[in-house]
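Values quoted throughout were computed directly from the atomic coordinates according to the rules given, and no laboratory measurement underlies them. Please read these numbers as outputs of a predicted model, since none were measured by experiment. Note: ideal-geometry Cβ built from the backbone for every residue, glycine included; neighbour counts use all protein chains shown.
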Amino acid sequence: MNCWTKAQMKQILPVCCFCDKAQDDTRSEAGKGLWQDLQIYMVSRKLRPEDITFAYTCCRDCLKDDPRANAFRTRLSRSGSPVLDNR
Ligand SMILES: [Zn+2]
């Protein structure tokens, strides 16, 4: 497998930067998956950190309850997406 193929296989995984939960979008529409513990998500899919590009975002619970998520709420109301775009 060459580097190009490897890069193509990288999965973008939304991770909550407050509670470290990952969003499992594999069995549902993008943005609507269940949030689950990042470690459990990785282990159950045999993923290694190098297989994944983390997209830091905020899960539904933190968006609702965590005061630190204020920046995300502002972003969500402006752009419709809580995902931090760091490109
Ligand atoms: Zn969270």
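In straight-distance terms, cross-link reach from Lys10 covers every one of the lysines whose alpha-carbon lies under 16 Å from its own, apart from those fewer than eight places away in the same chain; here that gives Lys46.
Relative to its residue count, region 12-79 spans a Cα convex hull of 87 Å³ per residue.
The residues packed around Trp35, meaning those with a beta-carbon under 11 Å from its beta-carbon, carry a net charge of -2 if Lys and Arg are +1 and Asp and Glu are -1.
About its Cα centre, the dipole of region 12-79 is roughly 200 debye, where the only charges are +1 on Lys and Arg Cβ and -1 on Asp and Glu Cβ. Each Lys or Arg adds one and each Asp or Glu subtracts one; over the other residues with Cβ under 15 Å from the Cβ of Cys62, this totals +1. Working from Cα pairs under 8 Å separated by at least six residues, relative contact order for region 12-79 is 34 percent. For Leu13, the residues whose amide H sits under 5 Å from its own are Thr53, Phe54, Ala55, ignoring neighbours fewer than 5 places away on the same chain, with H placed 1.01 Å from N.
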